[in-house]
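Single-structure report; data block below.
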Amino acid sequence: MSGKATASVVGFLVGVTLTTWGGLLSFGENYQRSTASMITSVEELQNSTSKVKRSLGKIEAVEGGLSSLRAIAATEEDLEKLRNELLKAIDEVNVSHLELKAYVNSELPSKKK
């Protein structure tokens, strides 16, 4: 081989080596940036998941409280029954009052002037 051919081959190999090395460095930097970005995204996802879990826990607690309140709350039918019982009791008191008033009026001597 002549001197020019050897220099050309060596120059080509040096160029390929430097280009490959530069590409690998660039790839490594991009890989590190991508990995860091992915780790950040995973951490944000974990934080969001934790917030969702806490919110779900709160919702379940509220649902449990709501279920217990529904169990002890009066229904419209219960209120209607109580209303009817109260009206009946009021009527009985009114009747008793009128009977007592009639009895008192009949037993007391009337005052005549």
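The values are calculated or read from the model by the stated rules, or taken from the named source; none is laboratory data. Because the structure is predicted, anything quoted here is derived from the model rather than measured. Counting neighbours? That spans all protein chains shown, and the Cβs are built from the backbone with ideal geometry, glycine included. Surface accessibility is based on the protein's heavy atoms, side chains included, excluding ligands, DNA and RNA. Shrake-Rupley method; radii C 1.70, N 1.55, O 1.52, S 1.80 Å.
Annotations
- Candidate aspartates and glutamates for bridging to residue 101, where Cα separation is under 18 Å - those fewer than 8 sequence places away on the same chain excluded: 91, 92
- Rounded to the nearest 20 debye, dipole of the chain from Cβ charges on Lys, Arg, Asp, Glu: 420 debye
- Apportionment of accessible area to carbon and sulfur, the chain, percent (1.4 Å): 64 percent
- Only one of (1) 57; (2) 83; (3) 60 was calculated from the structure for percent of Cα pairs over 16 Å apart, and its label is (2).
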